[in-house]
Amino acid sequence: MSFRIPHFAFLILLATALWARADGGAVLSQQKAGPWLVTLFGSPTPLRAGPADLSVMIQDAATGAPVLDQSISVKVQATATPGSEAWMPPCCTMKKSAGVVAATHAAAQNKLLYAANVILPASGPHEAIVQIGAGDTAEILETKLEVQPPAPPLSSYWAFLAAPPVFVGLFALNQRLRRRA
């Protein structure tokens, strides 16, 4: 039985496809706000306390055409007593306070979306406030969110912890096969 590198590469590619993430995440809300149809996406699914990606898609309500020239800001705030707090690594440089975050095309891989990276400090009921535009003409979209407790740190980082032993094992297997040849 011969072992070919292209087959091995295909198996690695197939295994990593399970970790692939799409930009945007799950639909959290879709509402009409003034002349716009606003869709709010969230990732991870379900939303958990800790870092999260909130993406907004703005469409013209009449035509469905994407609107790409608006100023968008997102604010997430707890609506009740917060539940369990998010675990953050000691070296994490992200802000731990929740506030108004600008959603931009630059932060999104899909350029039809406006994305904002926010910190959800704790689990429990929250409210997301999306402001479209600025000043007196701004449209406000409010939606309720349910934030789950944070994932245990080990389950969040298991792939990074498992990678070194896997690579050492592959190196050892390589050396063993070379000695046989």
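The values are calculated or read from the model by the stated rules, or taken from the named source; none is laboratory data. Keep in mind the model is a prediction, meaning the values are calculated, not measured. We place every Cβ from the backbone using ideal geometry, glycine too, and count neighbours over all the protein chains shown. All accessible areas refer to the heavy atoms of the entire protein, side chains included, with ligands and DNA or RNA removed. Shrake-Rupley method; radii C 1.70, N 1.55, O 1.52, S 1.80 Å.
Remarks
- Only one entry of PRO153, PRO164 meets the criterion of being exposed (fewer than 10 other Cβ atoms within 10 Å of the Cβ) and of a type outside the set (Lys, Arg), and that entry is PRO164.
- When each of GLY24, GLY83, GLY99, GLY34 is tested for being in contact with an Asp or Glu (Cβ under 7 Å, 6 or more places away or on another chain), modelled with pLDDT under 90 and open to solvent by less than 70 Å² (accessible area, probe 1.4 Å), the lone residue that passes is GLY34.
- Among the numbered conditions (1) modelled with pLDDT of 65 or more; (2) over 24 Å from the mean Cα position of the chain (by Cα), the only one that SER2 does not meet is (1).
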